[in-house]
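A.B. asks: This is the structure I have questions about; it appears just below.
The values are calculated or read from the model by the stated rules, or taken from the named source; none is laboratory data. The shown structure was predicted, so the numbers you read here are calculated from the model rather than taken from an experiment. Here the Cβ is made from the backbone with ideal geometry for all residues, glycine too, and neighbour counts use every protein chain on show. Heads up: the accessible areas ignore ligands, DNA and RNA and are worked out on the full protein's heavy atoms, side chains in. Shrake-Rupley method; radii C 1.70, N 1.55, O 1.52, S 1.80 Å.
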Amino acid sequence: MLLAVLFLALTLLIGIYISRHFFDSNLLLYAIPSGLVVSTWTVFIVSLLLSFLQPFAGFSMLSIGISCIVLFLLILFDQVRHPFDFNPSSYLDVSLYPLFTVALLAFSLLNANLLTLDAKGQLVGNGLDLGFYLSITSSISEGNFPPHYPILSSEPLSYYYFLFFYSSILVKGGLGLLLAFNLYFTLLFVSFISLLFLLAKKLLSSQAFAYLAVLLFLFSGGFAFLAHLQDFDFSDSKALEQLFTNPKFFLQYRSYGYPVTNLFTLGLVTKPDLVGMLFFLVAAAYFLYSKQPRSRHRLLAGILFGLTGMFNLPLALVTFSFLATYALLFDRKKEWLYFFSPAAFLLLAQFLLFFSKKVSTATSALSLKPLWFLQGTPFSDPLTFWLLNFGMFFVLGITGFFFAPKPLRQFVAALLPAFLFLNFFQIFPWGVDNFKLVQPLFLILILLSALAFKKFWSWKRLGRYGQLVVPLLLLPTILTGYFSVVSLLHWTAIDQYKDPLCPLPYMEMASFVKETTPSSSIFIADEQAEITCLVALAGRKTFMSNNYWLEGHGFDFSSYAQLNQRMLEGDCSLARKYGVTHAYEDANFGWRIPQALKDKSKLLFQKGGLALYEITGC
């Protein structure tokens, strides 16, 4: 545990030392994301180098220890060259103390309950997203390095997984799995909220309406509530009560044709999206607050930004487009070449890695499909689609644009190329993933909407009626977000406990696997099997499982399914080729192991419909 605490402290410290080269105040807010980037990449590079040496096995406590030494030497070198005046006021502005403290407490509690253990010791939470993320953390901490997909063991992990790699570092350093999974992400969320407030305060010239901007982020959303209300019988008092206490709205907006979602709930459940939005805010702050940097500072900033792709590549590319367009249109200085050259090179390398799945196992990701997002929706034209998906933020954003300060208008212009690109190209096989690319634009619309509310509030022509306009417009602006947030909170507090992700027999099975099987073990199961408990808690890999996630993320796994079936039928040559050592059976869902494979295996565990076998006859 001491190693994890030391690494966490060095992460924040190296972040502070880096941030002071670009900013004079609120260094802690910039230190949290920048420290994450530098420390994670340091461990990755050290581990990769050690993986080529024997008898060391790459990612280990040794690689973390060496990385701590490297980080300390970098801090010491920077301190010697540029002595740092440790002025407490430079870390965090006093005006941010209340928001920072409340956000830290609230997000700590909420994150801890999104994926947690109930009173019986059962794992409860979101199995599709958070379960997959947890499986990356646990499998890497168990030695899956360089990592392969925990649910597709023969395929290298071509995913932006570094946020979860950081969590695995903390696990390896001695923290518990769930604590490590949530700890630094909570700090990132607090940094995001604080930076959003800081930027709003700067651009809106009002602390009160900066708080409103934070509120609009928390309850962001379009007009999906209009379709949602059609499902309710308002003459039924019980239905009406349920509408505002448990609306069952979380993630259901997609079925109504509203894929642009509440940013707050999305960031909580799909963690890389929050990190990508945070890096975008840091980029915006770089234009507004940073010192006039020298060429070497731009070079350092370009390298740091270029390394963010492994935390969220799609939003890193959108942010790169934003920065390049801004520099080209509004800040034509040759010094920008020092920034964009390393950033473009590094992001390109990560882009090639992201799309490096074997041709036979992945569908094409980038394709020209004008207005592809209208398919399967009740909308016939793009203007209606975006108007209804952005809702009041679309209308208020246009209004606020006419009153916006010059930097905010420039931000809108700089984001338009990426937005237009999205209208003609589908990048990700699963359509919903593509809408994550509009998140930076949505953030700017939130700031513009807060500015519009400010103008309505103080508009002299409206007199005292202007203050009545604000609450009247605020209700339809936040109602979709309200339904999303309340349903998530209800699910977190009540619904998820009714149907645990991993009931007690599954918890016992995962514990047994972790204690008695080698960390390099690979399990085989029915191709329909969803064995989150095994991969997420025990950190073991499966040859193929969770095919819903695979199909949604571009994998054509038909060839793997055929191989999987042949091994289930007892094909020992394939089992040896792919390193399959164990078999998993869950009779509760009809996921059984054929007798042919059982005859070549030894029963290790059997309880509650679950059975584990060690393949010994191959």
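A.B. asks: What percent does the relative contact order of region 369-437 come to when contacts are Cα pairs within less than 8 Å and at least six residues apart?
C.D. replies: Relative contact order for region 369-437 comes out at 42 percent.
A.B. asks: Tell me whether region 272-414 comes out rounded, prolate or oblate; compute the Cα gyration tensor, take square roots of the eigenvalues as a ≥ b ≥ c, and use a/c under 1.5 as the rounded threshold.
C.D. replies: The shape class here is oblate.
A.B. asks: Can you give the accessible area of L288 in Å² (nearest 10), computed on protein heavy atoms with a 1.4 Å probe?
C.D. replies: 40 Å²
A.B. asks: Rounded to whole Å and sorted largest first, what semi-axes of the equivalent ellipsoid does the C-alpha gyration tensor of region 1-97 yield via the square root of 5 times each eigenvalue?
C.D. replies: 29, 13, 10
A.B. asks: Explain nothing, just the number: relative contact order of region 1-126, from Cα pairs under 8 Å at least 6 residues apart, as a whole percent.
C.D. replies: 22 percent
A.B. asks: In what sequence, highest mean first, do 585-592, 432-439 appear when ranked by Cβ atoms within 10 angstrom? Spell out each step's value before the answer.
C.D. replies: Details: 585-592: 15.6, 432-439: 19.8.
Averaged packing, sorted descending, gives the order 432-439, 585-592.
A.B. asks: Mind checking the full-extension length gain between Q606 and I494? Use 0.36 nm per residue of separation minus the Cα-Cα distance, one decimal, nm.
C.D. replies: Going from the current span to full extension adds 37.3 nm.
A.B. asks: A further question on this structure: Which value, in Å to one decimal place, does the Kirkwood hydrodynamic radius take for region 127-197 when every pair of different Cα atoms is included?
C.D. replies: 12.7 Å
A.B. asks: Could you tell me which of the pairs K369/K455; K334/K406; K271/K498 are separated by over 30 angstrom between their Cα atoms in the structure shown?
C.D. replies: As for pairs spanning more than 30 Å Cα to Cα, those are K369/K455.
A.B. asks: I'm checking a number: the convex hull volume of the Cα atoms of region 27-165, normalised per residue, in Å³. What is it?
C.D. replies: It comes to 160 Å³ per residue, whole-number rounded.
A.B. asks: Compute the signed sum of charges (Lys and Arg +1, Asp and Glu -1) over the other residues within less than 13 Å, Cβ to Cβ, of L212.
C.D. replies: Combined, the nearby Lys, Arg, Asp and Glu give +3.
A.B. asks: Continuing with the same structure: Using a simple charge model, +1 on the beta-carbon of Lys and Arg, -1 on the beta-carbon of Asp and Glu, nothing else, what dipole does the chain show about its Cα centre, in debye to the nearest 20?
C.D. replies: The dipole magnitude comes to about 1920 debye.
A.B. asks: Whole-Å semi-axes of the chain's equivalent ellipsoid, largest first, each the root of 5 times a Cα gyration tensor eigenvalue? Please report the intermediate quantities before stating the final value.
C.D. replies: Details: eigenvalues 335, 193, 104 Å².
After scaling each eigenvalue by five and taking roots: 41, 31, 23 Å.
A.B. asks: Can you list, largest first and rounded to whole Å, the semi-axes you get for region 299-341 by taking the square root of 5 times each eigenvalue of its Cα gyration tensor?
C.D. replies: 19, 13, 5
A.B. asks: Could I ask something else about it? So what's the back-of-envelope 222 nm ellipticity for the chain, counting only DSSP H runs of four-plus at -39500 (n - 2.57) apiece and dividing by all residues, rounded to 500?
C.D. replies: Value at 222 nm, helices only: -19000 deg cm²/dmol.
A.B. asks: I need to check one value: relative contact order of region 403-453, counting alpha carbon pairs closer than 8 Å and at least 6 residues apart, in percent.
C.D. replies: The normalised contact order for region 403-453 reaches 52 percent.
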